[in-house]
1. Would you say residue 133 is more than 12 Å from ligand 1 (Cβ to nearest atom) and over 18 Å from residue 359 (Cα atoms)?
2. What number of residues within segment 325-364 satisfy the criterion of being touching a strand residue (DSSP E or B) at 6+ places or on another chain (Cβ under 7 Å) and not in a helix (DSSP H, G or I)?
3. Where residues in segment 335-349 are surrounded by fewer than 18 Cβ atoms within 10 Å (Cβ to Cβ) and within 20 Å of the chain's Cα centre (by Cα), which of them is farthest from residue 89 (Cα to Cα)?
4. From 283, 269, grab the single residue that is within 14 Å of ligand 1 (Cβ to nearest atom), at pLDDT 95 or above and in contact with a helix residue (DSSP H, G or I) (Cβ under 9 Å, 6 or more places away or on another chain).
5. For segment 115-201, list the helices (runs of 4 or more DSSP H) that sit wholly inside it and hold at least 3 residues that are at pLDDT below 95 and surrounded by fewer than 21 Cβ atoms within 10 Å (Cβ to Cβ); which are they?
6. Output the number of residues of segment 96-116 satisfying the condition of being within 15 Å of residue 358 (Cβ to Cβ) and within 15 Å of ligand 1 (Cβ to nearest atom).
7. Identify, please: which residue in segment 291-308 is buried (at least 24 other Cβ atoms within 10 Å of the Cβ) and assigned to a helix (DSSP H, G or I) and is, among those, nearest to ligand 2 (Cβ to nearest atom)?
8. Tell me the helices (runs of 4 or more DSSP H) entirely within segment 219-290 that contain at least 3 residues that are at positive phi and either within 15 Å of ligand 2 (Cβ to nearest atom) or surrounded by fewer than 22 Cβ atoms within 10 Å (Cβ to Cβ) (or both).
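The values are calculated or read from the model by the stated rules, or taken from the named source; none is laboratory data. Model, not experiment: these values are computed from the prediction. Cβ coordinates were reconstructed from backbone atoms using ideal geometry, including for glycine residues, and neighbour counts include every protein chain displayed.
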Ligand code: UD1
Ligand code: UDP
């Protein structure tokens, strides 16, 4: 059996690592790893291959950055050649990025079966590029591997046959489980002169927060208040960096004395940073999940989440970019509010095994 896995962005690399390790245990499977090149900076790509010991991609399509539509089209065009050449039995895609949709679409048009890992998540907000990627990928996929119960319900509500849906768990948590110990050796706290439990972590990259000058200005002004009470470590995503510079806002954030700006961090350093923090402020999808398992409070700067289990069972609170809500949530956490998270079902480090077992059973 031949499988092509297609990845392109930072969270994709983290999700594919445990799946590749599991596939390796099956010599009957030939595996080809394709990197679309959607993310290409060392800090957004190579660092993850190193930290997670992912083998070098067999193919790099080097599509790079472009508008949402053009980038998707470029990945479709470039991945057609490789799919036609390799003639796999199955194409595996993960998550909700442009590389996910483009590869799924190409495969299905070449009459190749598609497995979508992290299927069924819905924010019900079609203004998010990821929401369209999720819906469209799910509707062309043959195997839909889900991470939480809400996803099973969403897929059923959209009329997707139950026979295609497999509740397998969360690959991102597989990676977390297998790297927690290793991350304890990270020197990031001493490097950034941080004390355990005495700082917060911020990540921001959603277009709704960072692509519009006024929204970005509002977020900066909110952070300006919070940093008076706690140090905020901010590893900056390249989209956010680009926009801060284009809008002439970079100095506004750089000059805040209690905000520590860094490049995007590698997986082990970032895991260590989150694990030792007081709380996390974010608009990331994956970080809402990781903080739930780490038991670190997560304040999500969005109106909605496609991962409701992180709010229902986890440490996540949704605050939009409402100044009063964000300030109240962080003040509460600075006072030491303690709440217990329940680990969602199948977020147990064994998702990759479930997925590969299902694929093998079905192809035999
Ligand atoms: C993409 C995903 C998003 C995911 C995020 C993970 C889509 C539509 N969006 O968003 O769902 O949460 O990845 O981080 O697929 N850039 C660099 N260097 C890089 C990569 C990007 O400088 O290595 C800059 C470029 O200016 C680029 C911008 O960042 O235009 C945005 O990159 P892109 O991949 O289009 O979207 P992300 O915001 O990274
Ligand atoms: N992450 C990282 N370094 C950083 C920021 C994030 O290693 O500087 C990791 C984080 O732990 C999580 C993943 O990147 O595993 C989330 O990716 P991102 O927020 O870019 O994408 P999303 O999950 O929102 O699609």
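1. It is false that residue 133 is more than 12 Å from ligand 1 (Cβ to nearest atom) and over 18 Å from residue 359 (Cα atoms).
2. Residues flagged as touching a strand residue (DSSP E or B) at 6+ places or on another chain (Cβ under 7 Å) and not in a helix (DSSP H, G or I) within segment 325-364 amount to 1.
3. Residue satisfying both the conditions and the ranking: 343.
4. Sole residue among the options that is within 14 Å of ligand 1 (Cβ to nearest atom), at pLDDT 95 or above and in contact with a helix residue (DSSP H, G or I) (Cβ under 9 Å, 6 or more places away or on another chain): 283.
5. none
6. Within segment 96-116, residues that are within 15 Å of residue 358 (Cβ to Cβ) and within 15 Å of ligand 1 (Cβ to nearest atom) number 1.
7. 291
8. It comes to none.
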